[in-house]
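The values are calculated or read from the model by the stated rules, or taken from the named source; none is laboratory data. All values derive from a computational prediction rather than experimental measurement. Counting neighbours? That spans all protein chains shown, and the Cβs are built from the backbone with ideal geometry, glycine included. Remember, those area values only see protein heavy atoms, side chains included, never the ligands or the DNA or RNA. Shrake-Rupley method; radii C 1.70, N 1.55, O 1.52, S 1.80 Å.
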Amino acid sequence: MKKYILLFFLFVCFQDSLFSIDVKKIEPAFWWAEMNNTELQILLYGDRIADCMLDISATDVRLKETVRLHNPNYLLLYLDLTEAKAQTFDIILQRGKERKTIAYELKQREARSSLREGFNASDVLYLIMPDRFANGDVSNDVIAGMKENQVNRADPFARHGGDLKGIQEYLHYIKDLGVTAIWLNPIQENDMPAGSYHGYAITDYYKVDRRLGTNEDFRELTTHAHKNGLKVVMDMIFNHCGSEHFLFRDKPSSDWFNFPQGYVQTSYNTTTQYDPYASDSDKKKALDGWFVEPMPDLNQRNRHVARYLVQTSLWWIEYAGLQGIRQDTHPYADFDFMSAWCKEINEAYPDFTIVGETWYTNNVGVSYWQKDSKLAAPRNSNLRCVMDFPLMDLMTKAFEEEADYGKGVNRLYEYLGQDVVYANPLELLIFLGNHDTSRFLKNEKDAANMDRLRQAYVFLLTMRGIPQIYYGDEIGMYADKKDGDGLLRADFPGGWPGDAFNAFLPSGRTDRQNEIHSFLKKLLSWRKNNDVIAEGGLTHFASNNGVYVYERTYNNKSVVVILNGTDKGQTLDLMPYQEILRQGTVKDILSDEIYPLPEKLILNPRHVLLWEF
Ligand code: CA
């Protein structure tokens, strides 16, 4: 008899394991009480989980809605947390006799979480591609079971082993350079077969890629960054995910992705977002087409997708203590969704900054995406900060061309005159290059042209907007996009154990690298806490014999920049600039000299002067 009881017991156990409720994913894995938006979507993923009945144990958490999608492997819960206190409650799943209890935590938010300061024109961002900056932990270079399971530093498109520990190790270097914020290219998991070292093919929105570290490592990095006076900006992507994401491999419903029947390439023609004459088919192809085949296009018009994406951003803001988000391919996503997202974030965190990647070659396109744009009215993107790509293009030309009609520094004068299109020019991200473009120095010849570089950095760091520097620019790293994107993201020398040169230290840099580094460091240190640059108005003068002069002014203080946009020496009469020049002494920031305001100025070829009054 005992034998039969045992057999029966084993049978029950077997049945249990065969039919037990399997939960593969709970997203988000935890949340916070007293968030601004009191609704919480919880996505449960597991074999036939939709067959389960569902209940929750808390009395102050209300189950508003349970959603079963076409795919029975998903169950969505919408909770009302209006009355909920921080606690752990149970989510109870019941299927026939099977029962599963999931402990779900609502954490207490950090004090003053919603009042965090975003980044603004008082800041300078330092952009880092985490795989390529420094390898602080060689033990995570290759993770068993991940699809791309090797590093090869000789291959520009392979993983190189850089990680969050590496960045943390060199925070003192970044702080010492004088920037005030770091922006990291995406750090979330990209478990793709190859070529995802850049991070833009996310396969888990809630998890740091293990080759870069853990979620805890990221939180430790942000804590250390804050202690060093550095804000942290996280890169996010709502337009698409990686094709190995479980949401794509096992789609919840046929309308979770755009073009669900299969890959249709986007035209990249995002001018259709504002073009009054755009055809519907052009719009659809641009916005719903996939960025590339391994990056399928998410349908943000599906309310469940929309909520899912918004919550990933709220989760990281709270979890990691972010000051900003850089949103990838911003104009490729649904306008109304992106607008609602920006609005929700700024209602929850009034000073938080989102910058959208608004890659247009003209200021009409960029300005259309800025919050309160007159061009977009009555639509409003609610996106505070946009990227000034057109200015990047002009800066690469302005400081090497002769300042002829429409050329050289005249390009800058003419472009800035069109700032009338921008709702807020101070909230433009300005940069000489980033991970997707040629570096400002394309080749060895550019790297030898110190005059061009000095003019460019003085301009960048005194112009309206929020400057961003790309890692390695401070030591004159050069790269040309025509040689492939992999080389735009070369390893920072010294970031890997055994590197021949350690450019993190003056002794590991060439004289030219030290010259560039010192010049930039001096400017950055001067710019830090400089309210004239952060908040000041701008007055400029049409170029005079190729010399371009402008002033920033604030609270009776002023900064004047004089740029000789020609390869000739010049004598500049200062009489025409009386409205901005003040009598008395001039503080020359680049030479550290103080001298009386001259009547005439002798300028060398490509001379740049930075005066403070
Ligand atoms: Ca590593």
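Note on the range 481-520 and the range 128-186: Cα centroid distance 14 Å, given to the nearest whole angstrom. Taking a straight line from the alpha carbon of LYS165, these lysines sit under 21 Å away, with near neighbours fewer than eight places off in the same chain left out: LYS175, LYS207, LYS227, LYS231.
Could the peptides 93-105, 116-128 be put in order, highest first, of the mean number of other beta-carbon atoms found within 10 Å of their residues?
With the highest mean Cβ count within 10 Å placed first, the list reads 116-128, 93-105.
Each Lys and Arg adds +1 at its Cβ and each Asp and Glu adds -1 at its Cβ; summed about the Cα centre, the range 279-395 shows a dipole of about 280 debye. With all protein chains in place and a 1.4 Å probe, the accessible surface of the range 335-420 carries 52 percent carbon and sulfur. What's the local net charge at PRO425, with K and R +1, D and E -1, over the other residues with C-beta under 10 Å away? Overall, the nearby charge balance is -2.
In order along the range 160-172, the Karplus-derived 3J(HN,Hα) couplings, from 6.51 cos²θ - 1.76 cosθ + 1.60 at θ = phi - 60°, round to 10, x, x, 7, 5, 4, x, 5, 4, 4, 10, 4, 5 Hz, and Gly and Pro are given as x. Apolar share of the accessible surface for the range 17-110: 45 percent from carbon plus sulfur atoms, 1.4 Å probe.
Within the straight-line cut-off of under 20 Å between alpha carbons, the aspartates and glutamates reachable from LYS374 are ASP275, ASP334, ASP336, GLU357, ASP388, ASP419, GLU427, sequence neighbours fewer than 8 places apart in one chain being disregarded. Taking a straight Cα-Cα cut-off under 25 Å and skipping sequence neighbours fewer than 8 places away in the same chain, the lysines within cross-link reach of LYS445 are LYS397, LYS407, LYS481, LYS482, LYS521, LYS522, LYS568.
For the range 206-342, the solvent-accessible area of protein heavy atoms averages 34 Å² per residue (probe radius 1.4 Å; ligands and nucleic acids excluded). Calculated mean residue ellipticity at 222 nm for the chain: -7500 deg cm²/dmol, from DSSP H runs with n ≥ 4 weighted as -39500 (n - 2.57), summed, divided by the residue count and rounded to 500.
Only one residue of GLN261, PRO378, CYS52 has its Cα farthest out toward the positive end of the dipole of the chain, where Lys and Arg carry +1 and Asp and Glu -1 on Cβ, and that residue is CYS52. Rounded to the nearest 20 debye, the dipole magnitude of the chain is 820 debye, with +1 charges on Lys and Arg beta carbons, -1 on Asp and Glu beta carbons, and the Cα centre as origin.
Think of a 1.4 Å ball rolled over the protein heavy atoms: the range 18-83 then has 46 Å² of accessible area per residue. Considering only DSSP beta bridges whose two residues both sit in the chain, what percent are antiparallel, to the nearest 5? Taking every DSSP beta bridge with both residues in the chain, the antiparallel ones total about 70 percent. For the range 534-612, with all protein chains in place and a probe radius of 1.4 Å, 48% of the accessible heavy-atom surface sits on carbon or sulfur. On a C-alpha basis, how far is the centre of the range 372-425 from the centre of the range 331-363 in Å? Whole number, if you could? One Cα centre to the other: 19 Å.
Can you tell me the dipole magnitude for the range 531-573 around its Cα centre, using point charges on the Cβ only (Lys, Arg +1; Asp, Glu -1), in Debye to the nearest 20?
Dipole size: approximately 40 debye.
Report the Stokes-Einstein translational diffusion coefficient (µm² s⁻¹, integer) for the chain, Rh taken as the Kirkwood radius over Cα pairs, at 10 °C with viscosity 1.306 mPa s. D, rounded to a whole number, is 60 µm²/s.
Probing with 1.4 Å while keeping every protein chain in the model, the per residue accessible area of the range 534-612 equals 48 Å².
The residue list LEU432, THR510, MET295 was ranked by how far each Cα lies along the charge dipole of the chain toward its positive end, using unit charges on Cβ atoms, and MET295 comes out on top.
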